[in-house]
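To start, the structure itself, in C-alpha coordinates.
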Amino acid sequence: MVRRNILTKERLQKVLAQSGVASRRASERLILAGQVEVNGEIVRTLGVKVDPAKDVIKVKGELVRPSERKVYYLLHKPKGVVSTCHDPRGRPTVLDFLPRIRERVYPVGRLDFDSEGLVFLTNDGDVALVFTHPRYQVEKRYLVEVQGLPNLRTIGRLQSGVRLADGLTAPARVRLLKELPNSSILEFGIHEGKNRQIRRMCEAVGHPVVYLKRFQMGPLDLEGVPLGEYRRLRSAEVRELRAFAAQARVAVKTR
(Lines give C-alpha, C1' and ligand atoms only; values in the text may rest on other atoms or scores of the structure.)
Protein backbone atom coordinates (compact mmCIF):
# COMPACT_ATOMS: atom_id res chain seq x y z
CA MET A 1 0.00 0.00 0.00
CA VAL A 2 2.80 2.38 0.88
CA ARG A 3 4.68 1.52 -2.30
CA ARG A 4 1.62 2.24 -4.43
CA ASN A 5 1.25 5.67 -2.81
CA ILE A 6 4.89 6.50 -3.52
CA LEU A 7 4.49 5.61 -7.17
CA THR A 8 1.59 8.05 -7.55
CA LYS A 9 3.72 10.99 -6.43
CA GLU A 10 5.46 13.34 -8.83
CA ARG A 11 7.72 16.34 -8.47
CA LEU A 12 5.83 19.45 -7.47
CA GLN A 13 7.08 21.54 -10.40
CA LYS A 14 5.94 18.86 -12.85
CA VAL A 15 2.45 18.78 -11.31
CA LEU A 16 2.23 22.58 -11.53
CA ALA A 17 3.23 22.50 -15.19
CA GLN A 18 0.78 19.72 -16.02
CA SER A 19 -1.96 21.68 -14.27
CA GLY A 20 -1.39 24.67 -16.53
CA VAL A 21 0.02 26.97 -13.84
CA ALA A 22 3.23 27.75 -15.74
CA SER A 23 6.04 26.00 -17.59
CA ARG A 24 8.14 23.65 -15.49
CA ARG A 25 11.02 26.09 -15.26
CA ALA A 26 8.70 28.96 -14.32
CA SER A 27 7.07 26.67 -11.73
CA GLU A 28 10.49 26.05 -10.21
CA ARG A 29 10.93 29.80 -9.82
CA LEU A 30 7.54 30.06 -8.09
CA ILE A 31 8.58 27.35 -5.64
CA LEU A 32 11.94 28.94 -4.88
CA ALA A 33 10.17 32.29 -4.33
CA GLY A 34 7.96 30.74 -1.64
CA GLN A 35 4.74 31.20 -3.60
CA VAL A 36 3.62 27.56 -3.48
CA GLU A 37 1.88 25.75 -0.60
CA VAL A 38 1.34 22.04 -0.13
CA ASN A 39 -1.20 21.08 2.53
CA GLY A 40 -0.92 24.49 4.16
CA GLU A 41 2.88 24.62 4.27
CA ILE A 42 5.07 26.80 2.05
CA VAL A 43 7.52 24.80 -0.09
CA ARG A 44 10.83 26.37 -1.06
CA THR A 45 12.81 23.38 -2.37
CA LEU A 46 12.59 21.57 -5.72
CA GLY A 47 12.84 17.97 -4.51
CA VAL A 48 9.35 17.78 -3.00
CA LYS A 49 7.00 15.17 -4.44
CA VAL A 50 3.22 15.36 -4.21
CA ASP A 51 0.15 13.33 -5.05
CA PRO A 52 -2.07 15.67 -7.12
CA ALA A 53 -5.11 13.53 -6.32
CA LYS A 54 -4.71 13.89 -2.55
CA ASP A 55 -2.49 16.86 -1.68
CA VAL A 56 -3.90 20.40 -1.50
CA ILE A 57 -1.67 22.62 -3.64
CA LYS A 58 -1.96 26.40 -3.84
CA VAL A 59 -0.04 28.99 -5.86
CA LYS A 60 -0.22 32.56 -4.58
CA GLY A 61 -3.17 31.47 -2.44
CA GLU A 62 -5.16 29.98 -5.34
CA LEU A 63 -6.04 26.31 -5.40
CA VAL A 64 -4.41 24.30 -8.18
CA ARG A 65 -6.69 21.84 -9.93
CA PRO A 66 -5.14 19.13 -12.12
CA SER A 67 -5.80 19.65 -15.80
CA GLU A 68 -6.96 16.43 -17.43
CA ARG A 69 -7.34 17.58 -21.03
CA LYS A 70 -4.18 18.73 -22.80
CA VAL A 71 -4.64 21.51 -25.35
CA TYR A 72 -2.29 23.16 -27.83
CA TYR A 73 -2.64 26.57 -29.49
CA LEU A 74 -0.64 28.63 -31.98
CA LEU A 75 -0.77 32.42 -31.83
CA HIS A 76 0.59 34.88 -34.38
CA LYS A 77 1.77 37.50 -31.90
CA PRO A 78 1.83 41.13 -33.05
CA LYS A 79 4.59 43.55 -32.11
CA GLY A 80 3.94 45.37 -28.83
CA VAL A 81 2.66 42.34 -26.90
CA VAL A 82 4.49 40.53 -24.07
CA SER A 83 4.76 36.74 -24.25
CA THR A 84 3.76 36.18 -20.61
CA CYS A 85 0.49 35.54 -18.80
CA HIS A 86 0.63 38.74 -16.76
CA ASP A 87 2.47 42.03 -17.06
CA PRO A 88 3.00 44.33 -14.04
CA ARG A 89 3.22 47.32 -16.39
CA GLY A 90 -0.22 46.66 -17.83
CA ARG A 91 0.94 45.93 -21.36
CA PRO A 92 -1.05 43.53 -23.59
CA THR A 93 -0.15 39.87 -23.08
CA VAL A 94 -0.52 36.87 -25.36
CA LEU A 95 -3.46 35.65 -23.26
CA ASP A 96 -5.40 38.77 -24.24
CA PHE A 97 -5.55 37.29 -27.75
CA LEU A 98 -7.12 34.00 -26.57
CA PRO A 99 -10.23 35.28 -24.72
CA ARG A 100 -12.54 32.44 -25.68
CA ILE A 101 -10.56 29.42 -24.53
CA ARG A 102 -11.61 27.75 -21.28
CA GLU A 103 -8.40 25.92 -20.47
CA ARG A 104 -5.60 27.46 -18.44
CA VAL A 105 -2.61 27.64 -20.79
CA TYR A 106 0.76 29.38 -20.75
CA PRO A 107 3.21 30.45 -23.46
CA VAL A 108 6.12 28.11 -24.12
CA GLY A 109 9.32 30.14 -24.21
CA ARG A 110 9.33 33.84 -24.99
CA LEU A 111 9.24 36.21 -27.92
CA ASP A 112 10.41 39.81 -27.57
CA PHE A 113 7.91 42.63 -27.01
CA ASP A 114 9.22 44.28 -30.19
CA SER A 115 9.02 41.11 -32.29
CA GLU A 116 6.13 39.32 -33.94
CA GLY A 117 5.46 35.75 -34.90
CA LEU A 118 4.76 32.28 -33.56
CA VAL A 119 3.92 31.74 -29.90
CA PHE A 120 3.03 28.22 -28.76
CA LEU A 121 0.67 27.92 -25.78
CA THR A 122 -0.31 24.74 -23.94
CA ASN A 123 -1.00 23.15 -20.57
CA ASP A 124 1.13 20.11 -21.41
CA GLY A 125 4.16 20.44 -19.16
CA ASP A 126 6.05 17.51 -20.69
CA VAL A 127 5.86 18.91 -24.22
CA ALA A 128 6.63 22.43 -22.99
CA LEU A 129 9.79 21.20 -21.27
CA VAL A 130 11.12 19.77 -24.54
CA PHE A 131 10.65 23.14 -26.25
CA THR A 132 12.23 25.22 -23.47
CA HIS A 133 15.07 23.20 -21.96
CA PRO A 134 18.43 23.70 -23.75
CA ARG A 135 19.32 20.01 -23.64
CA TYR A 136 16.63 19.16 -26.21
CA GLN A 137 18.00 21.67 -28.76
CA VAL A 138 14.68 22.41 -30.45
CA GLU A 139 15.34 24.78 -33.34
CA LYS A 140 13.41 28.04 -33.69
CA ARG A 141 13.49 29.82 -37.05
CA TYR A 142 13.25 33.55 -37.68
CA LEU A 143 13.09 36.08 -40.49
CA VAL A 144 15.27 39.05 -39.57
CA GLU A 145 15.79 42.37 -41.32
CA VAL A 146 19.02 44.11 -40.29
CA GLN A 147 20.56 47.46 -41.10
CA GLY A 148 23.27 47.42 -43.73
CA LEU A 149 24.67 44.59 -45.84
CA PRO A 150 26.53 41.95 -43.78
CA ASN A 151 29.42 40.35 -45.66
CA LEU A 152 30.39 36.67 -45.70
CA ARG A 153 32.76 37.11 -42.77
CA THR A 154 30.00 38.64 -40.65
CA ILE A 155 27.59 35.85 -41.59
CA GLY A 156 30.29 33.41 -40.55
CA ARG A 157 30.58 35.07 -37.14
CA LEU A 158 26.85 34.75 -36.61
CA GLN A 159 26.97 31.10 -37.64
CA SER A 160 29.90 30.12 -35.44
CA GLY A 161 28.86 32.04 -32.30
CA VAL A 162 28.96 35.59 -30.99
CA ARG A 163 30.40 36.64 -27.64
CA LEU A 164 27.66 38.35 -25.58
CA ALA A 165 27.61 39.61 -22.00
CA ASP A 166 26.13 36.27 -20.83
CA GLY A 167 28.51 34.09 -22.84
CA LEU A 168 29.22 32.75 -26.31
CA THR A 169 26.17 31.83 -28.35
CA ALA A 170 25.91 28.32 -29.76
CA PRO A 171 26.43 27.76 -33.49
CA ALA A 172 23.44 28.97 -35.51
CA ARG A 173 22.08 28.46 -39.00
CA VAL A 174 22.18 31.85 -40.75
CA ARG A 175 21.75 32.65 -44.42
CA LEU A 176 21.27 35.79 -46.45
CA LEU A 177 17.91 35.79 -48.23
CA LYS A 178 17.78 39.22 -49.83
CA GLU A 179 19.73 42.45 -50.11
CA LEU A 180 17.77 45.71 -50.00
CA PRO A 181 19.11 49.24 -50.65
CA ASN A 182 19.89 49.92 -46.97
CA SER A 183 19.15 46.64 -45.22
CA SER A 184 19.24 42.86 -45.59
CA ILE A 185 16.88 39.97 -44.90
CA LEU A 186 18.41 37.02 -43.02
CA GLU A 187 17.04 33.68 -41.91
CA PHE A 188 18.15 32.44 -38.49
CA GLY A 189 17.85 29.00 -36.97
CA ILE A 190 18.81 28.79 -33.28
CA HIS A 191 18.10 26.35 -30.45
CA GLU A 192 19.09 28.60 -27.55
CA GLY A 193 16.79 30.93 -25.65
CA LYS A 194 18.98 33.75 -24.39
CA ASN A 195 17.10 36.98 -23.75
CA ARG A 196 16.76 39.00 -27.00
CA GLN A 197 19.47 36.76 -28.41
CA ILE A 198 19.21 37.46 -32.14
CA ARG A 199 18.90 41.20 -31.59
CA ARG A 200 22.02 41.20 -29.42
CA MET A 201 23.94 39.00 -31.85
CA CYS A 202 23.21 41.31 -34.76
CA GLU A 203 23.99 44.40 -32.70
CA ALA A 204 27.33 42.85 -31.70
CA VAL A 205 28.39 42.41 -35.35
CA GLY A 206 27.33 45.92 -36.33
CA HIS A 207 23.97 45.24 -37.99
CA PRO A 208 21.08 46.20 -35.66
CA VAL A 209 17.73 44.49 -36.18
CA VAL A 210 14.99 46.44 -37.94
CA TYR A 211 12.35 43.69 -37.92
CA LEU A 212 12.17 40.20 -36.42
CA LYS A 213 9.58 37.47 -36.90
CA ARG A 214 9.61 33.90 -35.58
CA PHE A 215 7.89 31.61 -38.04
CA GLN A 216 8.71 28.11 -36.78
CA MET A 217 9.37 26.17 -33.55
CA GLY A 218 10.31 22.54 -34.11
CA PRO A 219 7.44 21.06 -36.19
CA LEU A 220 5.13 24.03 -35.50
CA ASP A 221 4.70 26.88 -37.97
CA LEU A 222 2.42 29.86 -38.66
CA GLU A 223 0.53 28.34 -41.58
CA GLY A 224 -3.11 29.39 -41.44
CA VAL A 225 -2.67 31.86 -38.56
CA PRO A 226 -3.09 35.56 -39.53
CA LEU A 227 -1.40 38.26 -37.50
CA GLY A 228 -3.18 38.74 -34.17
CA GLU A 229 -5.15 35.47 -34.52
CA TYR A 230 -4.78 31.98 -33.05
CA ARG A 231 -5.86 28.46 -33.78
CA ARG A 232 -5.92 25.13 -31.99
CA LEU A 233 -3.73 22.32 -33.25
CA ARG A 234 -5.55 19.67 -35.23
CA SER A 235 -5.50 16.04 -34.08
CA ALA A 236 -2.88 15.01 -36.64
CA GLU A 237 -0.68 17.94 -35.57
CA VAL A 238 -0.99 16.96 -31.92
CA ARG A 239 0.14 13.43 -32.76
CA GLU A 240 3.10 14.83 -34.71
CA LEU A 241 3.95 17.18 -31.85
CA ARG A 242 3.91 14.41 -29.25
CA ALA A 243 5.98 12.15 -31.48
CA PHE A 244 8.49 14.98 -31.95
CA ALA A 245 8.74 15.49 -28.18
CA ALA A 246 9.15 11.76 -27.58
CA GLN A 247 11.94 11.53 -30.17
CA ALA A 248 13.69 14.53 -28.60
CA ARG A 249 13.65 12.83 -25.20
CA VAL A 250 15.05 9.63 -26.68
CA ALA A 251 17.78 11.55 -28.50
CA VAL A 252 18.93 13.16 -25.25
CA LYS A 253 19.14 9.77 -23.51
CA THR A 254 21.22 8.25 -26.31
CA ARG A 255 23.77 11.07 -26.69
Pairs from LYS60/LYS213; LYS9/LYS70; LYS58/LYS194; LYS14/LYS253; LYS70/LYS194 whose Cα-Cα separation, in the structure shown, is over 23 Å: LYS60/LYS213; LYS58/LYS194; LYS70/LYS194
If you place +1 on the Cβ of every Lys and Arg, -1 on the Cβ of every Asp and Glu, and leave all else neutral, what size is the dipole of region 119-255 about its Cα centre, to the nearest 20 Debye? 360
Using protein chains only and a probe of 1.4 angstrom, how many square angstrom of VAL144 are accessible, to the nearest 10? 0
Let's test this: bin the Cα-Cα distances of region 144-255 at 5 Å from zero up to the farthest pair and state each bin's percent. 2, 10, 18, 18, 16, 14, 12, 8, 2, 0
Percent carbon-and-sulfur accessible area, the chain, ignoring ligands, DNA and RNA, probe 1.4 Å: 50
Calculate the radius of gyration of the Cα atoms of the chain to one decimal place, then report Dmax, the largest Cα-Cα distance, as a whole number, both in Å. 20.0, 73
Given 20 °C and 1.002 mPa s, how large is the Stokes-Einstein diffusion coefficient of region 80-135 in µm²/s, with Rh as the Kirkwood radius over Cα pairs? 177
Restricting the count to DSSP beta bridges whose residues both fall in the chain, what percent are antiparallel, rounded to a multiple of 5? 95
Considering only DSSP states other than H, G, I, E and B, which trypsin sites (Lys or Arg not before Pro) in region 52-119 qualify as loop sites with at most 12 other Cβ atoms within 10 Å? LYS54, LYS60, ARG69, ARG89, ARG100, ARG102
Based on the alpha-carbon gyration tensor of region 155-198 and its eigenvalue square roots a ≥ b ≥ c, which shape applies: rounded if a/c is under 1.5, prolate if not and a/b is larger than b/c, or oblate? prolate
Using the membrane-span-like helix rule (whole DSSP H runs, Cα extent along the own axis of at least 20 Å, mean Kyte-Doolittle hydropathy at least -0.5), which helices of the chain qualify? 235-254
Residue-normalised value, i.e. accessible area per residue, for region 1-139 at 1.4 Å probe, in Å², stands at 53
Taking the Cα centre of region 207-255 as the origin, how large is its charge dipole in debye, to the nearest 20, when only Lys and Arg (+1) and Asp and Glu (-1) carry charge on their Cβ atoms? 320
Pairwise label distance in nanometres, ARG242 with ARG100, each label 7 Å out on the Cα-Cβ vector: 2.6
Would you work out which of VAL64, VAL50, VAL94 lies farthest towards the positive end of the dipole of region 37-101? Charges go on Cβ: Lys and Arg +1, Asp and Glu -1. VAL94
Please give me the summed charge of the neighbours of PRO150: other residues whose Cβ is under 10 Å from its Cβ, Lys and Arg +1, Asp and Glu -1. +1
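The values are calculated or read from the model by the stated rules, or taken from the named source; none is laboratory data. Since we're looking at a predicted model, the values are computed, not measured. Backbone-built Cβ (ideal geometry, glycine too); neighbour counts: all protein chains shown. The accessibility values were calculated without ligands, DNA or RNA, using every heavy atom of the protein model including side chains. Shrake-Rupley method; radii C 1.70, N 1.55, O 1.52, S 1.80 Å.
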